[in-house]
């Protein structure tokens, strides 16, 4: 009986160790994805600002100021 209990305990410890390793690996992947998402978000923000600025310039160039503003 002690042998059976010992084998079961060893098997459980092996499974727990395997699961801990998998959790660590998944955590590393998750952290890397978070960094990538932050970079992509910052890049998207810069692109949105560039597009907005370009659109404002296009509007300004196609709508000249009235003479009394010049």
Could you work out the Rg to Rh ratio of the chain, with Rh taken as the Kirkwood radius (inverse of the mean 1/r over all Cα pairs)?
-> 1.69
For residue 12 and residue 29 in one chain, what is 0.36 nm times their gap in residues minus the Cα-Cα distance, to one decimal in nm?
-> 3.6 nm
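Bear in mind these aren't lab numbers, they're just calculated from the coordinates by the rules spelled out. Computed from a predicted model, the values in this text were never measured in an experiment.
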